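The structure appears below as structure tokens.
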Amino acid sequence: MAKSGERWYGNWKEGDETMFRGRYEYTIDSKGRVSIPSKFKEILIQQYDERLVITNYDLCLVAYPHQEWSVIEEKVKSLPPLGKKDSRAFLRFFYSSGIDCELDRQGRVLIPQSLRDYANLQKDVVLVGSGKKIEIWNKERWGEEFRKSQESFDQVTDTLDNLGL
């Protein structure tokens, strides 16, 4: 039974989220720290711990809860040896930039300079919930990416319709 003040939506109960979703605009401070949205912090505390692994990805950064990063590492270990040069290059790029980061007492994470440089994070950033990870974008780049997504929306909706979504 729901506690007073809780709302139920099918199998999902408000306040009982298991995936990161939504987008939030923040400012990165002069030391390279950015606040994590309170909804994301709740998920980290309830489902994981306060450790993130942040790495390069597709002109932005991705932040995985430490446990989810471990799952990725295990999956990659179980794959047959990668033979394609492109696959090996991507894994080097992805893994070599992975940095363990913890939330501080104010709920911020310090993003190392090398990662900020890669994603062009200077002041205004957008944190985007993306399932089991958080994407961290330069605000202008996010705007461009979002516009591209809208332009290809008709093609994507056909695929989603076929999946029953």
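The values are calculated or read from the model by the stated rules, or taken from the named source; none is laboratory data. Source: prediction; values computed, not measured. Ideal geometry is used to build each Cβ from the backbone, glycine not excepted, and the neighbour counts take in all protein chains shown.
What the table shows:
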| item | result |
| --- | --- |
| Residue selected from segment 1-44 under the condition in a loop (DSSP other than H, G, I, E, B) and among the acidic types (Asp, Glu), by the criterion modelled with the highest pLDDT | ASP29 |
| Whichever residue in segment 106-125 is in contact with a helix residue (DSSP H, G or I) (Cβ under 9 Å, 6 or more places away or on another chain) and more than 11 Å from ILE136 (Cα to Cα) and, among such residues, is surrounded by the fewest Cβ atoms within 10 Å (Cβ to Cβ) | LYS123 |
| Given (1) out of contact with any Pro (no Cβ under 8 Å at 6 or more places or on another chain); (2) within 23 Å of ILE28 (Cβ to Cβ); (3) at pLDDT below 95, index of the condition GLY83 fails | (2) |
| From the options VAL128, VAL76, VAL53, residue that is at pLDDT below 95 and either surrounded by fewer than 19 Cβ atoms within 10 Å (Cβ to Cβ) or outside any loop (DSSP other than H, G, I, E, B) (or both) | VAL76 |
| Single unsatisfied condition, ARG105 versus (1) under 18 Å from the mean Cα position of the chain (by Cα); (2) modelled with pLDDT of 90 or more | (1) |
| Some residue of segment 86-102 being within 28 Å of GLY143 (Cα to Cα), of a type in the set (A, V, I, L, M, F, W, C) and assigned to a strand (DSSP E or B) | yes |
| Test: residue in segment 84-94 that is among the charged types (D, E, K, R), free of Cβ contacts under 8 Å to residues at least 40 places away in the same chain and at positive phi | no |
| Residue pairs meeting the criteria (Cβ under 6 Å; at least 6 apart or on separate chains; first closer than 17 Å to CYS101 by Cβ, in segment 57-76; second buried (at least 21 other Cβ atoms within 10 Å of the Cβ) and aromatic (Phe, Trp, Tyr)) | CYS60/TRP137 |
| Single condition LEU103 does not satisfy, out of (1) buried (at least 16 other Cβ atoms within 10 Å of the Cβ); (2) farther than 22 Å from SER30 by Cβ | (2) |
